Amino acid sequence: MVGHLRLAAAFLLAGLLTAAAQTSAPPSGLPPLPKVSDVRLYVINCGTIISHQPERFGLTREDVPDPDFSDPCFLVIHPKGILLFDTGLTDAQVGRPIYENRMGYEGQLKTTTLKGELANIGVTPAMITYLALSHSHWDHVGNANDYAGSTWLARKAEVDVMFAPNANAQIRKGYAALADAKTQYIEGDYDVFGDGKVVLLSTPGHTPGHQSLYVKLARTGGVVVSGDLYHYTAEKTLGRMPPREQSLETPASRKRIDEFLARTHSQLWMGHAIDWYQNAVKAPGWYD
């Protein structure tokens, strides 16, 4: 009887170990990370912001057919490494009702996790070489802690705001781990991989260290991801901007980007503009 009990216990232990191994293993069926010969750019669903106040951006409700905001993140896979640009709304909001996920006058809708979206591409946080944030507002830094193991490409003017004594404590929770991250301070336009194909463009105004992302793609051509240099398409077509930014550096940054777009024959991608986002190729599809 004792022998039978020991044998049963051994089988039970083996079963538990097997189950644990299966639980900790990566999900099957995910595509392997591509070994790219050139640059790929992914548009990732990082949430939606429910907002009905276009007046804050110098616009009227009639100017904006859909006043809500998309809130994508962007992943660049380069032969020399991987860059994650922005981290969106926090993954903790997935499945929670809008009334629990309010930030001031705006609601936050989150249906998938950034980690899950990256997994569908075949990427884990540990694979990401560089993290860059367009700026430090809550809708761009929600999951930054998860990527603090990457090298953070940061601008001192923005870091000073993020870790100032009066920084919003609730928002700061989402990026607090960056205080201990490997940080590389950058200035001006920064060529991430040294070949001119992935460049962080200095576009201050919306925040002191705001930056946009330029990616030169073989088939798509040049793309500038604007961050919050623009929110709505109508801001550009009608020549409007948030009133508070008119006396800041935003006008100069917009002018500079217009000149850059013309010089490089690039497209402008306004991540927050739903009319742009709804037609974009979403991850796990990509642009090359």
Scan the range 259-279 and report the pairs whose first residue is modelled with pLDDT of 95 or more and of a type in the set (F, W, Y) and whose second residue is surrounded by fewer than 19 Cβ atoms within 10 Å (Cβ to Cβ) and in a loop (DSSP other than H, G, I, E, B), with Cβ atoms within less than 8 Å and a gap of 6+ or a chain change.
W269/A280
Residue check for S226: buried (at least 17 other Cβ atoms within 10 Å of the Cβ), at pLDDT 95 or above and closer than 21 Å to D71 by Cα:
yes
Total residues in the range 30-70, condition under 14 Å from the mean Cα position of the chain (by Cα) and closer than 18 Å to V224 by Cβ:
5
What residue, of A126, A119, is without any contact (Cβ under 8 Å) to a residue 24 or more places away in the chain and not in a loop (DSSP other than H, G, I, E, B)?
A126
Looking only at residues that are assigned to a loop (DSSP other than H, G, I, E, B) and open to solvent by less than 20 Å² (accessible area, probe 1.4 Å) in the range 229-265, which one is farthest from H210 (Cα to Cα)?
Y232
Just one listed residue, out of L178, L201, L217, L213, is buried (at least 17 other Cβ atoms within 10 Å of the Cβ), in contact with a Ser or Thr (Cβ under 7 Å, 6 or more places away or on another chain), at pLDDT 95 or above and under 18 Å from C73 (Cβ atoms), and it is L201
Of all the residues that make up the range 56-99, how many are in a loop (DSSP other than H, G, I, E, B), β-branched (V, I, T) and open to solvent by less than 30 Å² (accessible area, probe 1.4 Å)?
2
Condition check for L131: within 16 Å of V43 (Cα to Cα) and in contact with a helix residue (DSSP H, G or I) (Cβ under 6 Å, 6 or more places away or on another chain):
yes
Which one of G142, G107, G116, G149 is modelled with pLDDT of 95 or more and surrounded by 17 or more Cβ atoms within 10 Å (Cβ to Cβ)?
G142
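The values are calculated or read from the model by the stated rules, or taken from the named source; none is laboratory data. What you are looking at is a predicted structure, and each value in this text was computed from that prediction instead of being measured. No Cβ is skipped: glycine too gets one built from the backbone with ideal geometry, and neighbour counts run over all protein chains shown. For the accessible areas, the whole protein counts, side chains as well, though only heavy atoms, and no ligand, DNA or RNA atoms are used. Shrake-Rupley method; radii C 1.70, N 1.55, O 1.52, S 1.80 Å.
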